[in-house]
Amino acid sequence: MPAMPSPLHRNPITSAESPAVGVTIEKLSKNFGRLQALKNVSFDVEPGEIFVLMGPSGSGKSVLLKHIVGLELPSAGRVLIEGRDATAEGTLESVRIAMVFQAGALFNSLSVYDNLALYPREHRLGTEPVIRERVMRALQILSLENSATKFPSELSGGMKKRVAIARALVMEPQLMLYDEPTSELDPVMAATISEIIATLKDEYHVTSIVVSHDRELALGIADRIGILMGGALVYLGPPADLKSPADPRLADFFHPQIDLKNPRFKNLET
Ligand code: ADP
Ligand code: MG
């Protein structure tokens, strides 16, 4: 990853103590009709860790993330947050979990400032001046101070992703979930987002689960990587072990070979 100037080494946002939380995925299976989207998946995410969940398109990454925030319910198995079943009453309310959705999920009718202020206003987390300070700090951390009055339609893809992360930060989360935070970004912006995720972990001790098929991001910032294929966990371990994987499925995923003698798309030739 190229060295990036860090916008983050100013004004920590978290004033309150917010211990990072651990997450356990325990024999998790999910069926949609006859489709087995998740097959008996188990792993632990340690408090404060950056865990990157990888895998080809359709392998079950987003479905797994949705189980952590209760947007999907398991067909079998459990998700534990700090040892408590995510589906049990009160578990999700007891931890501050922020999810950065793939498309940003910003409200187009609200300015950047009002998008960020929405959560603290709805949860009455302070008077308007207190909320203002929190929002402006999150914007500053992501170098978005000058975009507070803009609307989502006026922002580039990279800026929208940064606004989505800033909005999550305003919650002072203990657990950050990211779904494809670098998709559709150019390599420089993707590296910046990677650096932001890594710095948030270092400075705020947040636990991060990042769903991505961005190999640069995974190898650059992950403490550990899990790889899903067809709903099953086929790898769990540190990034270093993926440099030259023995498993041919992993080798192909990380270093796809294009066989010029046997082009798969030869039917396209005229
Ligand atoms: P990805 O790894 O690309 O994020 P997903 O987790 O979104 O993949 O999806 C895994 C599989 O589950 C896909 O085949 C997808 O079509 C299917 N799927 C996801 N959500 C639903 C749903 N709500 N109903 C039916 N099938 C779904
Ligand atoms: Mg997905």
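Give the residues of segment 217-234 that are within 22 Å of ALA190 (Cβ to Cβ) and either touching a helix residue (DSSP H, G or I) at 6+ places or on another chain (Cβ under 7 Å) or of a type in the set (Lys, Arg) (or both), sorted by residue number.
Passing the criteria: LEU217, ALA218, LEU219, GLY220, ILE221, ALA222, ARG224, ILE225, ILE227, LEU228.
Is there any pair with a first residue in segment 56-71 that is under 17 Å from LEU175 (Cβ atoms) and a second that is part of a loop (DSSP other than H, G, I, E, B) and within 13 Å of ligand 2 (Cβ to nearest atom) whose Cβ atoms are under 7 Å apart and which are 6 or more apart or on different chains, and what are they?
Every condition considered, the pairs that remain are LYS61/GLY55; LYS66/GLU72.
Report, by residue number, each residue of segment 93-128 that is surrounded by 12 or more Cβ atoms within 10 Å (Cβ to Cβ), part of a loop (DSSP other than H, G, I, E, B) and of a type outside the set (A, V, I, L, M).
Once the filter is applied, which keeps residues that are surrounded by 12 or more Cβ atoms within 10 Å (Cβ to Cβ), part of a loop (DSSP other than H, G, I, E, B) and of a type outside the set (A, V, I, L, M), segment 93-128 yields ARG96, PHE101, GLN102, GLY104, PHE107, SER111, GLY126.
When you go through LEU116, LEU92 one by one, which is the residue that is in contact with a helix residue (DSSP H, G or I) (Cβ under 7 Å, 6 or more places away or on another chain), away from ligand 1 (no atom under 16 Å from the Cβ), among the hydrophobic types (A, V, I, L, M, F, W, C) and farther than 28 Å from PRO239 by Cα?
It is LEU116.
Yes or no: segment 65-80 includes at least one residue that is away from ligand 2 (no atom under 16 Å from the Cβ), at pLDDT 95 or above, outside any loop (DSSP other than H, G, I, E, B) and surrounded by 20 or more Cβ atoms within 10 Å (Cβ to Cβ).
Checked segment 65-80: at least one residue is away from ligand 2 (no atom under 16 Å from the Cβ), at pLDDT 95 or above, outside any loop (DSSP other than H, G, I, E, B) and surrounded by 20 or more Cβ atoms within 10 Å (Cβ to Cβ).
Among the residues of segment 151-179 satisfying the criterion of being within 16 Å of ligand 1 (Cβ to nearest atom) and of a type outside the set (Asp, Glu), which is farthest from MET54 (Cα to Cα)?
In this case the residue turns out to be LEU177.
Could you check THR182 against (1) within 21 Å of GLU49 (Cα to Cα); (2) in contact (Cβ under 8 Å) with a residue 40 or more places away in the chain; (3) within 16 Å of ligand 2 (Cβ to nearest atom); (4) part of a loop (DSSP other than H, G, I, E, B) and say which number it fails?
Every condition holds for THR182 apart from (2).
May I ask you to list pairs of residues, at least six apart or on different chains, whose Cβ atoms are under 7 Å apart, with the first in segment 20-34 being free of Cβ contacts under 8 Å to residues at least 60 places away in the same chain and within 23 Å of TYR204 (Cα to Cα) and the second being small (Gly, Ala, Ser) and buried (at least 16 other Cβ atoms within 10 Å of the Cβ)?
Listed by first residue and then by second, the contacts come to nothing, as the list is empty.
If I filter segment 166-174 for residues that are on the phi > 0 side of the Ramachandran plot and either at pLDDT 90 or above or in a loop (DSSP other than H, G, I, E, B) (or both), do I get at least one hit?
yes
Residues that are at pLDDT 90 or above, within 16 Å of ligand 2 (Cβ to nearest atom) and not hydroxyl-bearing (Ser, Thr, Tyr): does segment 84-103 have at least one?
Within segment 84-103 (the criterion being at pLDDT 90 or above, within 16 Å of ligand 2 (Cβ to nearest atom) and not hydroxyl-bearing (Ser, Thr, Tyr)), the answer is no, since none of the residues qualifies.
I'd like to check something: does segment 84-92 contain any residue that is among the hydroxyl-bearing types (Ser, Thr, Tyr) and either over 28 Å from GLY70 (Cα atoms) or crowded, with 19+ Cβ neighbours inside 10 Å (or both)?
Within segment 84-92, not a single residue is among the hydroxyl-bearing types (Ser, Thr, Tyr) and either over 28 Å from GLY70 (Cα atoms) or crowded, with 19+ Cβ neighbours inside 10 Å (or both).
Determine which member of the set LEU28, LEU53 is over 12 Å from ILE209 (Cβ atoms), part of a strand (DSSP E or B), of a type in the set (A, V, I, L, M) and within 16 Å of ligand 1 (Cβ to nearest atom).
The match here is LEU28.
If the Cβ limit is 6 Å and pairs must be 6+ apart or interchain, which residue in segment 35-51 that is touching a residue at least 24 places away in the same chain (Cβ under 8 Å) and over 17 Å from ALA20 (Cα atoms) pairs with which residue that is among the basic types (Lys, Arg) and surrounded by 18 or more Cβ atoms within 10 Å (Cβ to Cβ)?
The qualifying pairs are ALA37/LYS30; LEU38/LYS30.
Could you figure out which of (1) among the hydrophobic types (A, V, I, L, M, F, W, C); (2) within 19 Å of the chain's Cα centre (by Cα); (3) more than 11 Å from ligand 2 (Cβ to nearest atom) isn't true of PHE32?
(2)
The values are calculated or read from the model by the stated rules, or taken from the named source; none is laboratory data. Everything numeric in this text was worked out from a predicted model, so none of it was measured. All Cβ positions, even for glycine, are placed from backbone atoms using ideal geometry, and neighbour counts span all protein chains on display.
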